[in-house]
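**Q** Pasting in a structure now, in structure tokens, and then I'll have a few things to ask.
Values in this text are rule-based calculations from the coordinates and carry no lab data. Note that the structure is predicted; figures quoted are calculated from it, not measured. Reconstructed Cβ throughout: ideal geometry from the backbone, glycine too, with neighbour counts over all protein chains shown.
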Amino acid sequence: MAFTPLSIYALAVSLRDAEGFAQVQGWLQAWPVRAAVAIALWSLVHHLLAGIRYLFLDVGRGSDLVSATISARAVTYAGAVTLAGFALWVLAR
């Protein structure tokens, strides 16, 4: 929850001037900030995929136990793959 106000603050600082932009770039180079961004990205992707899953459940697709279990696992695994991909991308920089 605290990520959104911090993101808005970082955006405001980065848009202020060139020094503010450089300051935010410095913040984003720190390992804890990168980890927080990765976790926030994972939560957003997981939420999006789970929402799509529930839309299908609302229209009666995948409501049986086997299909629901498979789709729940798919959402969880897709979120984990997204987090791993982002982590590799960040570490490669």
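**Q** Taking θ as phi - 60°, what are the ³J(HN,Hα) couplings along the range 50-60 by the Karplus curve (6.51, -1.76, 1.60), each to the nearest whole Hz, with x for Gly and Pro?
**A** Going residue by residue, I get 5, x, 5, 4, 5, 4, 5, 5, 5, 9, x Hz, with x marking Gly and Pro.
**Q** For the chain, what is the calculated [θ] at 222 nm in deg cm²/dmol (nearest 500), taking -39500 (n - 2.57) for each run of four or more DSSP H residues and dividing by its residue count?
**A** Calculated mean residue ellipticity at 222 nm is -30000 deg cm²/dmol.
**Q** Still on this model: Roughly how many nanometres apart are two label points built 7 Å out from the Cα toward the Cβ at ALA30 and ARG16?
**A** 1.6
**Q** Jot down the per residue volume, in cubic angstrom and as a whole number, of the convex hull over the alpha-carbon atoms of the range 36-85.
**A** 52
**Q** Normalised by the residues of the chain, what does the relative contact order come to in percent, with Cα pairs under 8 Å and at least six apart?
**A** Relative contact order of the chain: 26 percent.
**Q** Can you give the FRET efficiency for ASP64 and LEU88, using 1/(1 + (r/R0)^6), R0 = 35 Å, r = Cβ-Cβ distance, to the nearest 0.05?
**A** 0.45
**Q** Report, in degrees rounded to the nearest 10, the 0 to 90 angle that the Cα long axis of helix 18-28 makes with the longest principal axis of the chain.
**A** The angle comes out near 50 degrees.
**Q** P(r) for the chain: what percent of alpha-carbon pairs falls in each 10 Å bin, starting at zero?
**A** Over the chain, the share of Cα pairs per 10 Å bin runs 15, 33, 27, 16, 8, 1 percent.
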